[in-house]
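Participant: Take this structure, written in structure tokens, and hold onto it; I'll ask about it next.
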Amino acid sequence: MDLTFPFADPPAPGTVTTVAPGLLWARLALPFRLDHVNIYFIETDDGFLIVDTGISDKPTRAAWETLFAGPLKGARFAGLIVTHHHPDHIGLAGWLTERLDIPLLTSRTAFFACLTFFNSPELLAASPYSRFYIRHGMSEDLAAVVSTMGHDYMRMLSKPPFTYQRLAAGDLLPAGGRTFEVMSGDGHSPEQLMLHAPADKLFLAADQVIEKISPNVSVTAFEPWGNPLGAFLASQEAIAATVADDTLVLAGHRLPFYGAAARCRALVAHHRERCDVIANACAAAPKSAADLIPVLFDKRPLSPHETSFAFSEILAHLNHMAALGEVTWEEDGGRARVRRA
Ligand SMILES: [Zn+2]
């Protein structure tokens, strides 16, 4: 089944689009190549639950004020749900919960990750993390740049609130006449939350299933042996088995669409294809994660942010392929490379 798109255009800045009764959609700009994030408002008896926040910067706070003074004028708010700890989703959680005097509802992982990055931003540039890049084939100079500038966006956070309410997979979230089932999926971000209202045919997918974009799946320097791609693929299978085709998918980026299972299958196939490209590339000689960047990504020079994403995504494939026995790691003079098994 092809995907279908009931809304041809996203809401213009400062406006909201009603995607279903009691469910509003707005967009906030991001200063990246992916230039926007979607925000949703779920109506409840006590006011709207806001879903996600945008990054913490002046233009995004101004965009929120425009919404509050315009289409949301006089609206009541019951809480803020944050789907995961990436700054385009959690960045303004502290500011919004204080500004509106509402609780933060999120996963335990997202809350503590946000606390860590806010309180110890210098952690991202710690030397064990730059050594991780060197070990996987980057030059010392590039590793120094990527492990600092490549993570600048992780600092786009407002001071998190002191408390939060935990949402976890299996929880039921009543909202107006609806009940959302909380789902969670790993791979793009640990314990990323999704909201599924099967009776109302609505699925707030966060960044787990997006049309056109393949959500970034990265091995982080914090968890160098992790297999986020394995977890991501398992989550795609679970979503494909759970979310019906006539359910409207509302993701963190790009347009709402129908066809969740088809999109999940396409994402699984895309990653399989990338694994095959990697297997071929390291058949003749072993390759490091850094060696594989020009094989899988644009040949044009990548920014530190893009290099960091590309590198970490490739490593996710390598760790997954190693777990499947498709490649083996070899280490030589502190440099790690994979060889086709
Ligand atoms: Zn996102």
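Participant: Anyone know which of 174, 160, 103 comes out most mobile in the 10 Å Cα GNM of the chain?
Facilitator: 174
Participant: To continue, here is another question. Using a Gaussian network model of the chain whose springs link C-alpha atoms within less than 10 Å, name the residue from 269, 284, 93 with the highest mean-square fluctuation.
Facilitator: 284
Participant: Each label point is 7 Å from the Cα along the Cα-to-Cβ direction; what then is the distance between the points at residue 341 and residue 296, in nm?
Facilitator: For the pair residue 341/residue 296, the computed spacing is 1.7 nm.
Participant: So, one more: Going from most exposed to least, what order do 133, 258 have by accessible area with a 1.4 Å probe? Kindly include the intermediate steps, with their values, before the conclusion.
Facilitator: Working: 133 5, 258 75 Å².
The most accessible residue leads, giving 258, 133.
Participant: Right, next: With each run of n ≥ 4 DSSP H residues scored as -39500 (n - 2.57), what mean residue ellipticity at 222 nm is computed for the chain after dividing by its residue count and rounding to the nearest 500 deg cm²/dmol? It would help to have the intermediate numbers written out before the result.
Facilitator: Working: 10 runs with 114 residues, N = 341.
It comes out at -10000 deg cm²/dmol, rounded to the nearest 500.
Participant: By a straight-distance test (C-alpha under 17 Å), which aspartates and glutamates pair with residue 58 as possible cross-link partners, with residues fewer than eight away in the same chain excluded?
Facilitator: Filter leaves 35, 88, 98, 152.
Participant: Here's another thing I want to ask about it. Using label points projected 7 Å from each Cα along Cα→Cβ, tell me how many nm separate residue 246 and residue 32, to one decimal.
Facilitator: Taking the two extended label points, one gets 3.6 nm.
Participant: Provide the solvent-accessible area of residue 155, counting protein heavy atoms only and rolling a 1.4 Å probe, rounded to the nearest 10 Å².
Facilitator: Taking all protein chains as shown, residue 155 has close to 100 Å².
Participant: Now a separate question. Which net charge results when you count Lys and Arg as +1 and Asp and Glu as -1 among the other residues whose beta-carbon is under 13 Å from that of residue 258? Before the final figure, lay out each step's value.
Facilitator: Numbers: positive: 201, 263; negative: 2, 211, 245, 246.
Around residue 258, the surrounding residues sum to -2.
Participant: Amide H of residue 14 versus every other amide H placed in the peptide plane: which residues, excluding those fewer than 5 positions away on the same chain, fall under 5 Å?
Facilitator: Here the answer is 27, since their amide H atoms fall under 5 Å of that of residue 14.
Participant: Using the basic label-point model (7 angstrom from Cα toward the beta carbon), what is the residue 69 to residue 201 distance in nanometres?
Facilitator: Using points 7 Å along Cα→Cβ, the separation is 3.9 nm.
Participant: Find how much the distance from residue 162 to residue 4 grows on full extension, using 0.36 nm per residue of separation minus their present alpha carbon separation; answer in nm with one decimal. Numbers along the way, then the final one.
Facilitator: Values: separation 158, 0.36 × 158 = 56.88 nm, distance 4.16 nm.
Full extension from residue 162 to residue 4 adds 52.7 nm.
Participant: Using only Cα atoms, figure out Rg for the chain and give it as a multiple of 2.2 N^0.38 Å.
Facilitator: Details: Rg = 20.3 Å, N = 341, 2.2 N^0.38 = 20.2 Å.
Compactness ratio reported: 1.00.
Participant: Among the complete DSSP H segments of the chain, which ones combine at least 15 Å of alpha-carbon extent along their axis with a mean Kyte-Doolittle hydropathy of -1.0 or more? The partial results should precede the final answer.
Facilitator: Values: long enough: 58-69 (16 Å, -0.32); 108-119 (16 Å, 0.97); 228-242 (21 Å, 0.89); 260-281 (32 Å, -0.03); 304-324 (30 Å, 0.31).
Within the chain the helices that satisfy the rule are 58-69, 108-119, 228-242, 260-281, 304-324.
Participant: Right, here's the next one. Over segment 188-238, what is the relative contact order in percent, taking alpha-carbon pairs closer than 8 angstrom and at least six residues apart?
Facilitator: Working: 38 pairs, mean separation 15.3, N = 51.
Once divided by the residue count of segment 188-238, the mean separation gives 30 percent.
Participant: Also, I was wondering about something else. Between segment 275-291 and segment 211-260, what is the C-alpha centre distance in whole Å?
Facilitator: If we compute the Cα centre of each part, the gap is 25 Å.
Participant: Something else now. With a/c under 1.5 counting as rounded, go ahead and sort segment 144-302 into rounded, prolate or oblate using the C-alpha gyration tensor (a ≥ b ≥ c being the square roots of the eigenvalues; past the cut-off, prolate if a/b is larger than b/c, else oblate). Provide the component values of the computation, followed by the final result.
Facilitator: Values: a/c = 2.31, a/b = 1.47, b/c = 1.57.
Taking the square roots of the gyration eigenvalues as a ≥ b ≥ c, segment 144-302 is oblate.
Participant: I'd like the accessible area for residue 140, computed on protein heavy atoms only with a 1.4 Å probe and all protein chains in place. Round to 10 Å², please.
Facilitator: The accessible area of residue 140 comes to roughly 130 Å².
Participant: Roughly to the nearest percent, how much of the accessible area of the chain is carbon and sulfur, given a 1.4 Å probe? Could the numbers behind the result be given before it?
Facilitator: Numbers: 7890 of 14380 Å².
Summing carbon and sulfur atoms, their accessible area is 55 percent of the total for the chain.
Participant: Just for the Cα atoms in segment 119-208, what are the lengths along the principal axes, largest first, rounded to whole Å?
Facilitator: Principal-axis extents of the Cα atoms in segment 119-208, largest first: 56, 30, 17 Å.
Participant: Next question. Taking the chain as a Gaussian network, where each spring joins two C-alpha atoms under 10 Å apart, which residue of 139, 130, 214 fluctuates the most?
Facilitator: Answer for the Gaussian network model of the chain: 139.
Participant: Cα centroid distance between segment 295-337 and segment 17-45, in Å?
Facilitator: 34
Participant: About the Cα centre of segment 3-150, how large is the charge dipole given +1 on each Lys and Arg Cβ and -1 on each Asp and Glu Cβ? Please answer in debye to the nearest 20. If you can, show how the numbers build up before the last one.
Facilitator: Details: 10 positive and 14 negative charges, 27 e Å.
That gives a dipole near 120 debye.
Participant: Under 5 Å between amide hydrogens, which residues at least 5 positions from residue 180 or on another chain qualify, with H placed 1.01 Å from N in the peptide plane?
Facilitator: 173, 175
Participant: Taking the Cα centre of segment 92-193 as origin and charging only Cβ (+1 Lys, Arg; -1 Asp, Glu), how large is the dipole, in debye to the nearest 20?
Facilitator: On the way: 8 positive and 10 negative charges, 23 e Å.
Roughly 120 debye for segment 92-193.
Participant: Further, regarding this structure: Just want to confirm a number: the relative contact order over segment 169-305, from Cα pairs under 8 angstrom separated by 6+ residues, in percent. Show your work: numbers first, answer last.
Facilitator: On the way: 197 pairs, mean separation 24.5, N = 137.
Taking the mean separation of contacting Cα pairs over the length of segment 169-305, I get 18 percent.
Participant: For residue 212, go through the aspartates and glutamates and keep the ones whose alpha-carbon is under 13 Å away, minus same-chain ones fewer than eight residues off.
Facilitator: 2
The values are calculated or read from the model by the stated rules, or taken from the named source; none is laboratory data. No experiment lies behind these values; they were computed from the predicted model shown. All Cβ positions, even for glycine, are placed from backbone atoms using ideal geometry, and neighbour counts span all protein chains on display. For the accessible areas, the whole protein counts, side chains as well, though only heavy atoms, and no ligand, DNA or RNA atoms are used. Shrake-Rupley method; radii C 1.70, N 1.55, O 1.52, S 1.80 Å.
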